[in-house]
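The values are calculated or read from the model by the stated rules, or taken from the named source; none is laboratory data. Not measured: the values here are computed from a predicted model. Cβ placement follows ideal geometry from the backbone for every residue including glycine, while neighbour counts extend to all protein chains displayed. Surface accessibility is based on the protein's heavy atoms, side chains included, excluding ligands, DNA and RNA. Shrake-Rupley method; radii C 1.70, N 1.55, O 1.52, S 1.80 Å.
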Amino acid sequence: MYDVAVIGGGPGGYVAAIRCAQLGLKTVCIDDREKNGKASLGGTCLNVGCIPSKALLESSELVEKAKSEFASHGISTGEIAFDLSVMQQRKEKIVDAHTNGISFLFRKNKVDSVLGRGRLASKGDPYSIELDSGERIEARHVIIATGSSPRKLEGIPFGKRIVDSSGALSFREVPRRLGIIGAGVIGLEIGSIWNRLGSEVTLIEALTEFLPSADEKISKEALRQFGKQLSIRLGAKVQRVEETDEGVKVRYRDAIGESEALFDRLVIAVGRMPNSKEVADPSLGLEIDARGFIKVNGQCMTNLPNVYAIGDVTGGMMLAHKASEEGIMVAERIAGQKTMLDPDIIPSVIYTRPEIAWVGKTEQQLRAGGVEYRAGQFPFTANGRAQALGEAQGFVKMLVDAKTDRLLGVHIIGPHASELISEAVLAMAFSASSEDLARTIHAHPTLSEALHEAALAADGRALHI
Ligand code: FAD
Ligand code: NAD
């Protein structure tokens, strides 16, 4: 009998399992993902999400730099060529190193790992989890971390040419014309990879607004920058999709009127659905909302005693780091600690070029909430390190409370925004003011000086602009 059974071995589940074991709880993690007959732990993130997409983003960025930026440094290379199969093998190697790494961490921490599908089968203390093999596992606490899967569009089945994000990260040849339905995070990251490798990419987005969850100034700048790389059709309603021998025909209507486009490949990237079906026997009465997300409170407790749910299956921000932090919180609460998680300071990142990252409130949210605020902004054109990198597009924007000067939101579009945002997250976790950041010494020349200057700008005293 186990103290804790975790169903799902993604960044939510595997982190929860390791933390439980560290706290002395006898723990098992059940995950159904396999590769070459072995468990492939790490869930969506390690196998088909965060890690493989970043590996290909890196390779494709190098191709782009070699093609169009080396010359400005006086470096000549002759014609640039690349071998996509080597790129894909490199990606797979990185994925395998990480998934094997989780198996190693499980052994090291004495977490039992079971390959199979788990279903919460009976109520009480202990709970019984039934595996697809017919075996049963008993545990006093259960953490459901079954994650999410790509949302399908009705009447558009995945096939040879129509794929989801996993398919789009595994193309064996560069599509000449790539269509993507959905201009969200996946659409932009996958569109960037293939555009850099030579595809002509069209994003077909239903909403008229671009990246509505980002700060309005960031979305505007992003649309301007990405519009140079990708063809972005906003307010476009897909009317018909037809897979033929020559390609995929997509008929859609936008403000211009009706259009038909022919693509070699079409990616559907219209959000993700929770893996909540069949995770618990219906007789147990686990509460699930109308969209399929498992209902939880602020501590990830479900309506069943000692049953928790974390990560994508609970909705909210579908991010690996959110899933992991929820896993840590739940493990520590099972062990009797009083850990909390602040949902207002979870960073969001889009790994495009320029990168986009933010934490806290957007300007439109503050306006709608009637909050009095001040804004400070600093462009990377005035930052020496960004100029040296040749990546001086974008800016840092800081929103602070007009009365208390406390940081309310930080928004970055520009080089290494994904790394820079951590300073803002830490500052907000410590309830810092813009004055705190303005009085903090930032090394020169670094990109982080743009954060320092944005903090100064929030008080009208930026130095280099
Ligand atoms: P998952 O990672 O989905 O893991 C759940 C696991 O449970 C899976 O292995 C699943 O097969 C298994 N499972 C499901 N049901 C059962 C069952 N009944 N029994 C046993 N096992 C089961 N997030 C970021 O923060 N940064 C990024 O850069 C990023 N990039 C992404 C890129 C792509 C292309 C995609 C698709 C997603 C990306 N995400 C990113 C999102 C991130 O992958 C998810 O938010 C994260 O994986 C959620 O973790 P999780 O543990 O909740 O679920
Ligand atoms: P998303 O919600 O970011 O974007 C989906 C887009 O598709 C939206 O803009 C939506 O308006 C549009 N859409 C929906 N239905 C449509 C239709 N019928 N026609 C045209 N457009 C339509 O979802 P996603 O890009 O699929 O990503 C899924 C999840 O994965 C996200 O929640 C994201 O957090 C996570 N993810 C994160 C990262 C990262 O952190 N860098 C990277 C990839 C994925």
Probe 1.4 Å, all chains present, heavy atoms only: residue 447 accessible area in Å², nearest 10, is 20 Å²
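For the chain, what does the relative contact order come out to in percent, with C-alpha contacts under 8 Å and a separation of six or more?
Result for the chain is 14 percent.
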Could you tell me the center-to-center distance, by alpha carbons, between the stretch 33-72 and the stretch 370-391 in angstrom? 29 Å
Are there trypsin sites (Lys or Arg not before Pro) in the stretch 392-465 that DSSP marks as loop and that have at most 13 other Cβ atoms within 10 Å, and which are they? 403, 439, 461
Taking 26 Å as the cut-off for C-alpha to C-alpha distance, list the pairs among 322/403; 160/220; 108/322; 123/152; 91/397; 152/361 that go past it. 322/403; 160/220; 123/152; 91/397; 152/361
Compute, for residue 196, the solvent-accessible surface of its heavy atoms (probe 1.4 Å) with the complete set of protein chains present, and express it in square angstrom to the nearest 10. 20 Å²
For the chain, diffusion coefficient by Stokes-Einstein and Kirkwood Rh (Cα), 25 °C, 0.890 mPa s, µm²/s: 102 µm²/s
Going from most exposed to least, what order do 436, 164 have by accessible area with a 1.4 Å probe? 436, 164
Starting from the Kirkwood Rh over alpha-carbon pairs, what translational D in µm² s⁻¹ does the stretch 1-116 have by Stokes-Einstein at 20 °C and 1.002 mPa s? 133 µm²/s
Relative contact order of the stretch 162-270: what whole-number percent is it, with Cα pairs under 8 angstrom and at least 6 residues apart? 35 percent
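Any chance you could list the semi-axes, whole Å, largest first, of the equivalent ellipsoid that the Cα gyration tensor gives for the stretch 113-202, using √(5λ)?
That gives 41, 13, 13 Å for the three semi-axes.
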Given a Förster radius of 30 Å and the C-beta distance between residue 90 and residue 426 as r, what FRET efficiency does 1/(1 + (r/R0)^6) yield to the nearest 0.05? 0.40
With every protein chain present, what accessible area does residue 169 have (1.4 Å probe, heavy atoms only), rounded to the nearest 10 Å²? 10 Å²
